[in-house]
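See below for the structure under consideration.
Values in this text are rule-based calculations from the coordinates and carry no lab data. On a predicted model such as this, the values are computed, not experimentally measured, just so you know. Neighbour counts run over all protein chains shown; Cβ positions are idealised from the backbone, glycine included.
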Amino acid sequence: MSQPLAPLSALEVPLPTRCTSYPPPFDRLVAGRYKRKLGDHFSLKNFGVNLTTLEPGAVSALAHHHTLQDEFIYVLEGHPTLILGGQEHRLEPGDCCGFPAGRGIAAQLVNHSEHPASFLEIGDRTAGDEAVYPHDDLKAIQSSDGCWLFTHKDGRPY
């Protein structure tokens, strides 16, 4: 059995070398977003936890919803705007929101403020999930190794 990892400051978890798995041209849309993959650092298998920071003007992701995986956010600092089903909600530290799988309601966070915003993203890792992007010609399918495969909505690869 392996030794447990010692506790550390979340800011000590290194940023990934790749900013996003989105293919071009969508990859540039999340410029200014930084995710520390806390769950991966501790080798969590059943759910993921990210400490995400959005610089002013940055977005968390393209507006999307999941078919099988639940997601949850908790704001730590700043005032990001949650766009949920077309409605905007200005959030503040301590605010949270959950996104149950299969409801078909797209969500994303946008930082319209002049200061960085940080939040925790928590999601399960249910195999076979698909992410649906209603406003973009993009579809994501999670492969058996946990990686996301992106295609056009008609199935053509990027």
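Label separation (C147 vs C19): 2.1 nm, computed from points 7 Å beyond Cα along the C-beta direction. In this Cβ point-charge picture (+1 for Lys and Arg, -1 for Asp and Glu), region 1-149 has a dipole of about 260 debye about its Cα centre. Only helical runs count toward this figure. For the chain, summing -39,500 (n - 2.57) over DSSP H runs of n ≥ 4 and dividing by all residues gives -500 deg cm²/dmol at 222 nm.
Among V13, V132, V30, the largest mean-square fluctuation in a Gaussian network model of the chain (Cα springs under 10 Å) belongs to V13. Between T81, T52, T17, the residue with the greatest mean-square fluctuation in the GNM of the chain (Cα pairs under 10 Å linked by springs) is T17. Under 14 Å from a label point 7 Å along Cα→Cβ of Y158: give me every residue in region 40-84 with its amide N that close. Backbone N within reach: 61-64.
Across the alpha-carbon atoms of the chain, the computed radius of gyration and Dmax are 15.5, 48 angstrom.
Computed from the Cβ-Cβ distance with R0 of 25 Å, the FRET efficiency linking V132 to A31 stands at 0.65. For a straight C-alpha distance cut-off of 19 angstrom, the aspartates and glutamates reachable from K45 (same-chain residues fewer than eight places away being disregarded) are D70, E71, E121, D124, D129, E130, D145. Note on the chain: GNM, Cα springs under 10 Å; of L11, L138, L54, the largest mean-square fluctuation is that of L11. Calculated FRET efficiency, L68 to E88, Cβ-Cβ distance, R0 = 22 Å: about 0.25 to the nearest 0.05.
So, R0 is 41 Å and r is the distance between the beta-carbons of K45 and E114; what FRET efficiency does that work out to, to 0.05? Step by step, r from the Cβ atoms, then E = 0.60.
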